[in-house]
Amino acid sequence: MSREAEVLKILLEMSREISSQIPIRTVVRRLSLRLKQLLHADECSIMILDDSRKELAFSESTGLTRWELENIRFRVGEGIAGWVARHKKPVLIPDCASDERFVSIPHQKRPMISMICVPMLIKRRVIGTVSLTTRSSGHVFSEAELELAVLLSAHISLALENNRLYEISVSDGLTNLYNRRYLEQRLSKEISYARRFRKPLTVLMTDVDFFKKLNDGYGHQAGDYALRQVSETLTAGLRDYDVVARYGGEEFAIILLSTPRGRGASTAERLRQAVEDCDIRFRGNRLKVTISLGVASFPEDSDDAELLVDYADKALYEAKRRGRNQVCLYEEARTPAKKGFAEGGARRPNDRRDPS
């Protein structure tokens, strides 16, 4: 296969992956590997610009050690990557050691001979850099390889920007959690997966107790602050692959993947206790915040995504009816003893029949 045909093939593969549902880290890792292989580089690293700190940090690398990934940072203007980020220009360096912009890292023991560094740009806005390096003195990059790096780095920039826009569309602006739209889409997929592979799954619905009183007593800014603190506490108490979303108002929804009902109830109780123990202070006032939670599970309660949310919501309503600051399972909420609850029906977000 000719070099031109190989480049076109890789560009087509890149375009397909950018528009796919593959996680962004996987997409970027694959793109960087293809770039490394095409240019016969020893390493390919992607650094992302933190605008608030004006600092570049590694996002992906095919050859760096864990120490290098976690500890090497460059300010804008510092080192070759920093120079590229400041000037928005790609560079080809035949010999790193003789370039005055090159910064030697004491703990970085592998030699760097030749380097290509390219800015990742979105409408002239720098979002990071792509760097390729060689370790052999006989391997120096060419101008043709620099042009290829510029071309393929543009596709990596596009993948990252698409992901940023997608994250904005599925994120809640106040808490930075996922929003209801994302949760409903994700739950449908996870239920299909759980049904196919016979994996358990549990849904938690939770909201802040007496939230209206908190807003009335301390103001809406205090209420917003409390919601952010609750969201952080929930996230900290969950596994990385669990899903937590702001469902509406002061209500949150959680998907516990591969979690049977008993373990889901235990997790709900742990989250309840964590929020109760949280020391939330706003402008000198200590905000006493608690949550109530409802639990529904696949396959015991339902194999339908909408019904699982509905049943967890019913259980949440029952937990609040019982006095709040507690956990209720759907199987408990639907018992004949709960006649008054059964007549009341399910509470939906923003339904204020039960003042919170």
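Computed quantities for the displayed model
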read-out: Tally of residues being over 18 Å from K199 (Cα atoms) and either small (G, A, S) or part of a helix (DSSP H, G or I) (or both) across segment 240-261; value: 4
read-out: Positions within segment 172-210 being polar (S, T, N, Q) and over 15 Å from the mean Cα position of the chain (by Cα), in sequence order; value: Q185, S188, S192, T202, T206
read-out: S131 being of a type in the set (S, T, Y) and surrounded by fewer than 17 Cβ atoms within 10 Å (Cβ to Cβ); value: no
read-out: Unique match (being at pLDDT 85 or above and farther than 16 Å from L160 by Cβ) among R66, R75; value: R75
read-out: Odd one out for R246 among (1) touching an Asp or Glu at 6+ places or on another chain (Cβ under 9 Å); (2) more than 22 Å from N325 (Cβ to Cβ); value: (2)
read-out: Whichever residue in segment 47-68 is touching a residue at least 24 places away in the same chain (Cβ under 8 Å) and of a type in the set (S, T, Y) and, among such residues, is farthest from L132 (Cα to Cα); value: S59
read-out: Scope segment 110-128; condition hydrophobic (A, V, I, L, M, F, W, C), surrounded by fewer than 19 Cβ atoms within 10 Å (Cβ to Cβ) and either more than 33 Å from the chain's Cα centre (by Cα) or under 16 Å from R34 (Cα atoms) (or both); matching residues; value: none
read-out: Some residue of segment 222-229 being polar (S, T, N, Q), in a helix (DSSP H, G or I), touching a Cys at 6+ places or on another chain (Cβ under 8 Å) and at negative phi; value: yes
read-out: Positions within segment 244-266 being surrounded by fewer than 19 Cβ atoms within 10 Å (Cβ to Cβ) and in contact (Cβ under 8 Å) with a residue 12 or more places away in the chain, in sequence order; value: G248, G249, L257, S258, P260, R263
read-out: One residue from F102, F141 being assigned to a loop (DSSP other than H, G, I, E, B) and touching a Leu at 6+ places or on another chain (Cβ under 9 Å); value: F141
read-out: Candidates L56, L31, L92, filtered to the one that is within 17 Å of E161 (Cα to Cα), assigned by TED's automatic domain parsing to the domain that holds I156 and outside any helix (DSSP H, G or I); value: L56
read-out: When residues of segment 152-193 are limited to those that are crowded, with 19+ Cβ neighbours inside 10 Å and small (G, A, S), the one nearest to R263 (Cα to Cα); value: A159
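The values are calculated or read from the model by the stated rules, or taken from the named source; none is laboratory data. On a predicted model such as this, the values are computed, not experimentally measured, just so you know. Cβ: placed from backbone, ideal geometry, glycine included. Neighbour counts: every protein chain shown.
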